[in-house]
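Okay, structure first, notes after.
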Amino acid sequence: LIFLAASAMSVSAASAIPPDAQAGLVRYALATEQLSPALAYEDSLEGESAGFLRALLLLDSGNVQQGLDELRKVTEGQIHRGQAALILGSHMLAQGNPEAAEPWFQMAAKAGTGDTRQHALYELAELARASGQTDRAGQVLAGMSGGYWAAVGYLNLSTDYAQKDLNPARALVSLRVALAMAEKDGVSDRSAQLKSRLLVRAGYLTFKQGE
């Protein structure tokens, strides 16, 4: 009886809050990782972002399979399609299934915008690198906009070149491109840390070249 009463109170409280306010509360809960207050709104969310927010709530509260199923539904629409596909691809990759991850990353790159698209392209470049297709990885990176993900991609590519080539020229060129990409990262602290890594790596390769 106590459980039923508590459930009824949660439903009543959720229905008393306007849909726009519910969505805002859920976003805040996800951002602060304080999910408990937002769980009452899971079934009452409305609007074009409802499915995506519901999926995130399910994932973050441990209901992984339900969350993944909800994300798949989101990818069948137009709103948040790229973001949902990126999360699905990342999940598949974390499960050790790059073959299943690749189509989701391709969808995210095609349907997503901004950071979502750049992240998806980075992941596609990494999949190419992991399979030994460094040229293909370079082609993907060449189509990316300047920023964090492109910079990290070129850093990783330079590592491959340094391991394969006796002459570090290609690795150094990749690092110079990575530095240029890092300059365009809008997150200043992250950009500064990445540029420090790149400069250390470039200094090491230049030293090795002079040996």
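Let me know the charge dipole size of the chain about its Cα centre in debye, to the nearest 20, where only the beta-carbon of Lys, Arg (+1) and Asp, Glu (-1) is charged.
Using only the charged Cβ atoms, the result is roughly 820 debye.
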For this session: Report the charge-dipole magnitude of the range 95-151 in Debye, nearest 20, computed about the Cα centre from +1 at each Lys and Arg Cβ and -1 at each Asp and Glu Cβ.
Result: 120
Exercise. Residue 69: accessible area at probe 1.4 Å, nearest 10 Å²?
Worked result: 70
For this session: Pop out the carbon and sulfur fraction of the accessible area of the range 74-181 as a percent, whole number, probe 1.4 Å.
Result: 50
Problem set entry | Whole-Hz couplings from phi, Karplus 6.51/-1.76/1.60, listed for the range 154-162; x for Gly and Pro | 5, 4, 5, 5, 4, 5, 4, 4, 5
Exercise. Ordered by residue, what ³J(HN,Hα) values in Hz, to whole numbers, does the range 121-137 give under the Karplus form 6.51 cos²θ - 1.76 cosθ + 1.60, where θ = phi - 60° and Gly and Pro are x?
Worked result: 4, 4, 4, 5, 5, 5, 4, 5, 4, 4, 9, x, 9, 5, 5, 5, 4
Seminar exercise, completed: If one builds a Gaussian network model of the chain from Cα atoms under 10 Å apart, the most fluctuating residue listed among 89, 47, 132 is 47
Exercise. Taking the Cα centre of the chain as the origin and placing charges on Cβ (Lys, Arg +1; Asp, Glu -1), which of 162, 137, 182 is farthest toward the positive end of the dipole?
Worked result: 162
Problem set entry | Dipole of the chain, positive direction: furthest Cα of 112, 192, 97, with charges on the beta-carbon | 192
Problem set entry | HN-Hα J in Hz across the range 51-67 - Karplus 6.51, -1.76, 1.60, θ = phi - 60°, x for Gly and Pro | x, 5, 5, 5, 4, 5, 4, 5, 4, 6, 9, x, 8, 4, 4, 5, x
For this session: Taking the dipole about the Cα centre of the chain, with the C-beta of Lys and Arg at +1 and of Asp and Glu at -1, give me whichever of 77, 32, 150 is farthest to the positive side.
Result: 150
For this session: Mind checking which lysines have their Cα closer than 20 Å to the Cα of residue 184? Skip sequence neighbours fewer than 8 apart in that chain.
Result: 195
For this session: Quick one: plug the Kirkwood hydrodynamic radius of the chain (C-alpha pairs) into Stokes-Einstein at 4 °C, 1.567 mPa s, and report D in µm²/s.
Result: 67
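The values are calculated or read from the model by the stated rules, or taken from the named source; none is laboratory data. Bear in mind the structure is a predicted one, so any value in this text is a computation, not a measurement. Every residue, glycine among them, receives a Cβ derived from its backbone with ideal geometry; neighbour counts consider all protein chains shown. Please note that ligands, DNA and RNA were not included when accessible areas were found on the heavy atoms of the full protein model with its side chains. Shrake-Rupley method; radii C 1.70, N 1.55, O 1.52, S 1.80 Å.
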